[in-house]
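Q: Would you mind keeping the following structure in view while I ask a few things?
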Amino acid sequence: MPATTLEKAEVLEQMAANPAVAALSSLLIDARFALNELTITVPKEQIVAAVKAVQAAGYNFMEDVTCVDWYPSEPRFHVTYHILSHSLKERVRLVAPVGSEDLSIDSITDVWPAANFYEREVFDLFGVHFGGHPNLRRIMMPDDWKGHPLRKDYPVEGYR
Amino acid sequence: MPTSVEDLINPGVDDVIADSKLHGNIDPAQDQTMVLNMGPQHPSTHGVLRVVLEVDGESVIALAPDIGYLHTGIEKTCEAKFYQQVVPLTDRIDYLCPMTNNLTYCLAVEKLLQLEIPERAQYLRVLLNELTRLNSHLVWLGTHAMDIGALTVFLYCFREREEILRIFEMVAGQRMMTSYFRIGGLSMEPPIDFYDRVRNFLKIMPEKIAEYENLLTGNPIWMGRLKNVGHLSAADAIALGVTGPPLRASGVDWDLRRDMPYSGYEKFKFDVPVSQVGDVWARYEVRMKEMYESVKIAIQALEGLPEGRITAVAPKIILPDREQMKTQMESLIHHFKIVTEGFAVPAGQVYQGVESPRGEMGYYVVSDGTAKPFRVHMRNPSFATLQALETMCKGRLLADVVAVIGSIDIVLGEIDR
């Protein structure tokens, strides 16, 4: 397993031919290639443009939307998208940082309807709001639940 | 006196069907449709799935799955455990394919640790994963046939499944929640009579699959209930995130075992069954053919099983065996350290996708450099496939909903996690 890790400048230089890097070169704020996986960070305002760009570049299958809470550092939430290409047989991970002063990001359900349940899950468990989502309600927890359980400041045993 | 439809139904139902008539005030005299609750306790929903249906007579106008009844917060629990303590949690996500869950999680963490897994362990993992696939498909076939009304097949399937569970019990000491895989390899060598037992099982299995097909394939009721029901086009399947047999039944030739191999799958020869039709029947056909392929892979893994270690050489990550631990000071220290403090995993993030019996199972593991995972997220196939339910059932008869739910083979444990 190659242990090469490429940081932003190296990714832009050495992986310029990669379809995802080429498609996002004007949008990305950070890029990293580690453990054979490409991670591209884009600003949250540009997320819909970014997924449209990778879709046009041949990444046809939206696998997963999730979130990582980096509490207490800011921007706190990293909304993470895993997108697969059936023809290229490779994945790209898009990360959109969402700061706690404005917990909202645009929904990508117009590009991939598959994101519907995933965004609801992130909304339910992290409290990130997806603008333009057709049916943004809790999906795992009961409708009247208080709090968002997967946040780092939410105790594992729950509030008592 | 109630003035609108909303007053007559349970609270919450109006939320479940977005965009349906329930959001407007409808004159009851004009009201021709009915809202039906199917589940959460319904025999054909395979667990606790609640489907809210709007029906006009027998035909389905709108449909919305309501999930979360089995939510146990496994992802949250993972963050409070050491890396090795997460393995038993993964079994409980999808209780029909525990080994696949174990494998996906272990592969993800091994990627973070950059561990080299010995070939023998890889082969045994493949063998057990294919047995798991057979196990899961047998439960699918039995319950699917039972939903349609063919009760006999269920008993036949569970006869063979029992043998698989006994094999699992031999290697892991457990029938269902096996937890047999470890980060870095396997927990122990399988017992000596394991190999003969698996060999005998794989010898009889193709005949048994033919027997199930004999019971079902030519059966006019089975054909009538399955053919031309629940169509899903390839474009819809991709847009809705459908993976695994339902995706291949819609004509997309994609299998992670072949296209993005893991755990040594590139060394095995097998076909990927694909159908262009995209209905319930096509999913049935694809899964039946997949069972023959699983037997083929399992035989190759068993016959080509190399000698060697079953764990990687990493004393600070893998528990030493009992004898070493009792005789060597260093092993004792390692044992004590692993059990009490766990092992630190280098900071980073990985996503590992595996072809589970239901489709693409992916584990996204984020490490911050400590002994506990910072975040574990499971991408489960059933969760995405369930979104396609409305596309497949809309405009069809109510009875077809049962056939479609059977054909997408969902496990609520992995949907709700």
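Q: Of the numbered conditions (1) assigned to a strand (DSSP E or B); (2) in contact with a helix residue (DSSP H, G or I) (Cβ under 7 Å, 6 or more places away or on another chain), A:G58 satisfies every one except a single condition; which is it?
A: For A:G58, the failing item is (1).
Q: Within the range A:12-22, can one find any residue that is among the acidic types (D, E) and within 12 Å of chain B (Cβ to nearest Cβ)?
A: No: the range A:12-22 contains no residue that is among the acidic types (D, E) and within 12 Å of chain B (Cβ to nearest Cβ).
Q: Tell me, which residue of the range A:33-66 that is within 13 Å of another protein chain (Cβ to nearest Cβ) and in contact with a Pro (Cβ under 8 Å, 6 or more places away or on another chain) is nearest to A:P97 (Cα to Cα)?
A: My answer is A:T41.
Q: From B:A312, B:A344, B:A298, which residue is within 27 Å of B:A80 (Cα to Cα), of a type in the set (G, A, S) and surrounded by 18 or more Cβ atoms within 10 Å (Cβ to Cβ)? Even if it seems obvious, please write down each step before you answer.
A: Numbers: B:A344 fails: surrounded by 18 or more Cβ atoms within 10 Å (Cβ to Cβ); B:A298 fails: within 27 Å of B:A80 (Cα to Cα).
B:A312 is the lone residue from the list that is within 27 Å of B:A80 (Cα to Cα), of a type in the set (G, A, S) and surrounded by 18 or more Cβ atoms within 10 Å (Cβ to Cβ).
Q: Quickly run through the range B:74-89 and pick out the residues that are at the interface with chain A (Cβ under 9 Å from one of its Cβ atoms) and in contact (Cβ under 8 Å) with a residue 40 or more places away in the chain.
A: B:E75, B:E79, B:A80
Q: Here is a further query. Hey, any hits in the range A:117-129 for a residue that's within 10 Å of another protein chain (Cβ to nearest Cβ), in a strand (DSSP E or B) and crowded, with 22+ Cβ neighbours inside 10 Å?
A: no
Q: For the list (1) modelled with pLDDT under 90; (2) charged (D, E, K, R); (3) under 25 Å from the mean Cα position of the chain (by Cα), I need the number of the one condition that B:D321 fails.
A: Of everything listed in (1) modelled with pLDDT under 90; (2) charged (D, E, K, R); (3) under 25 Å from the mean Cα position of the chain (by Cα), B:D321 misses just condition (3).
Q: Assess whether B:R287 counts as being basic (K, R) and at pLDDT below 90.
A: So B:R287 does not fit the description; no.
Q: Of the residues in the range B:240-291, how many are out of contact with any helix residue (DSSP H, G or I) (no Cβ under 9 Å at 6 or more places or on another chain) and hydrophobic (A, V, I, L, M, F, W, C)?
A: 1
Q: Let me ask something else about it. Quick one: B:I317 ticks every box in (1) within 23 Å of A:C67 (Cα to Cα); (2) more than 13 Å from chain A (Cβ to nearest Cβ) except a single one, so which number is it?
A: (1) is the only condition that B:I317 fails.
Q: Still on this structure, I have one more. Please work out if B:R257 is in a helix (DSSP H, G or I), in contact with a strand residue (DSSP E or B) (Cβ under 6 Å, 6 or more places away or on another chain) and charged (D, E, K, R).
A: Taking the combined requirement at face value, the residue satisfies it.
Q: Only one of B:V345, B:V366, B:V402 is modelled with pLDDT of 90 or more and either outside any strand (DSSP E or B) or more than 12 Å from chain A (Cβ to nearest Cβ) (or both). Can you tell me which?
A: Only one candidate qualifies: B:V345.
Q: Would you point out which residue out of B:L131, B:L155, B:L151, B:L165 is buried (at least 19 other Cβ atoms within 10 Å of the Cβ) and in the same structural domain as B:L226 (by TED's automatic domain parsing)?
A: Residue meeting the stated conditions: B:L131.
Q: To continue, here is another question. Just give me the residues in the range B:264-295 being within 18 Å of the chain's Cα centre (by Cα) and of a type in the set (G, A, S), in sequence order.
A: B:S294
Q: From the list B:M392, B:M361, exactly one residue is surrounded by 24 or more Cβ atoms within 10 Å (Cβ to Cβ), within 14 Å of chain A (Cβ to nearest Cβ) and outside any helix (DSSP H, G or I). Which is it? I'd like the intermediate steps shown before the answer.
A: Details: B:M392 fails: outside any helix (DSSP H, G or I).
Of the residues listed, the single one that is surrounded by 24 or more Cβ atoms within 10 Å (Cβ to Cβ), within 14 Å of chain A (Cβ to nearest Cβ) and outside any helix (DSSP H, G or I) is B:M361.
Q: Kindly check whether there is at least one residue in the range B:157-175 that is under 19 Å from the mean Cα position of the chain (by Cα), part of a helix (DSSP H, G or I), touching a residue at least 12 places away in the same chain (Cβ under 8 Å) and closer than 30 Å to B:F343 by Cβ.
A: Yes, because at least one residue in the range B:157-175 is under 19 Å from the mean Cα position of the chain (by Cα), part of a helix (DSSP H, G or I), touching a residue at least 12 places away in the same chain (Cβ under 8 Å) and closer than 30 Å to B:F343 by Cβ.
Q: Please work out which one of (1) of a type outside the set (G, A, S); (2) in contact (Cβ under 8 Å) with a residue 24 or more places away in the chain; (3) within 30 Å of B:L186 (Cβ to Cβ); (4) within 14 Å of chain A (Cβ to nearest Cβ) is the condition B:P245 fails and give its number.
A: (4)
Q: Scanning the range A:81-107 for residues that are in a loop (DSSP other than H, G, I, E, B) and of a type in the set (S, T, N, Q), which turns out nearest to the other protein chains (Cβ to nearest Cβ)?
A: Checked the range A:81-107; the qualifying residue nearest to the other protein chains (Cβ to nearest Cβ) is A:S87.
The values are calculated or read from the model by the stated rules, or taken from the named source; none is laboratory data. This one's a predicted model, so the numbers in the text were calculated from it and none came from an experiment. Here Cβ is always computed from backbone atoms with ideal geometry, including for glycine, and neighbour counts include all displayed protein chains.
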